[in-house]
1. Listing Asp73, Asp104, Asp96 from the residue with the fewest other Cβ atoms within 10 Å to the one with the most, what is the order?
2. Among Leu100, Leu49, which comes first, second and so on when ranked by fewest other beta-carbon atoms within 10 Å?
3. What length, rounded to one decimal in nm, is gained on full extension from Glu42 through to Thr105, with 0.36 nm per residue of separation minus their alpha-carbon distance?
4. Suppose R0 equals 41 Å. What FRET efficiency, 1/(1 + (r/R0)^6) with r the Cβ-Cβ distance, do Glu67 and Lys87 give to the nearest 0.05?
5. Can you put Ile61, Ile76 in order of Cβ neighbours within 10 angstrom, beginning with the fewest?
Amino acid sequence: MLMPVHWKRFLGVLLVVLAALAVGASWSIADDDRESAPLPGEVVPLRELLALVQKKYPGRILEVELEQEEYGDKDIWIYEIKILTNKGRVYELEYDAVTLELLDTEGLPHGS
């Protein structure tokens, strides 16, 4: 039996949320229009982002958000991640959710 598209989207978002909860992160889709959530396969899986961040910034993931934002002249999906490092610093990082390119940082010492 085929599922309607909105159920596939719901299940895809649900799986991402469950994955985030499994690692102890709070999760939100910041866009008020929940119908615009990305389809599975549209963005890099959350586990890949978490592995990348944990490798470079060991610590505790405090929050992860997935937002569609205007970047340059187009709208792109962005992962926003807040991490408490093992040294007690809080970093806020923004990654392109398709390429995992680091787009912006807050709280990082210069030269990191």
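Taken together, the values in this text are just the output of simple stated rules run on the coordinates, not laboratory data. Predicted model only: the values in this text are computed from it and were never measured. We place every Cβ from the backbone using ideal geometry, glycine too, and count neighbours over all the protein chains shown.
1. Ordered from fewest to most neighbouring Cβ atoms within 10 Å, Asp73, Asp104, Asp96 come out as Asp73, Asp104, Asp96.
2. So the residues, fewest neighbours to most, are Leu100, Leu49.
3. Between Glu42 and Thr105, full extension yields 20.3 nm more.
4. Computed FRET efficiency for Glu67 and Lys87: 0.90.
5. By the 10 Å Cβ count, ascending: Ile76, Ile61.
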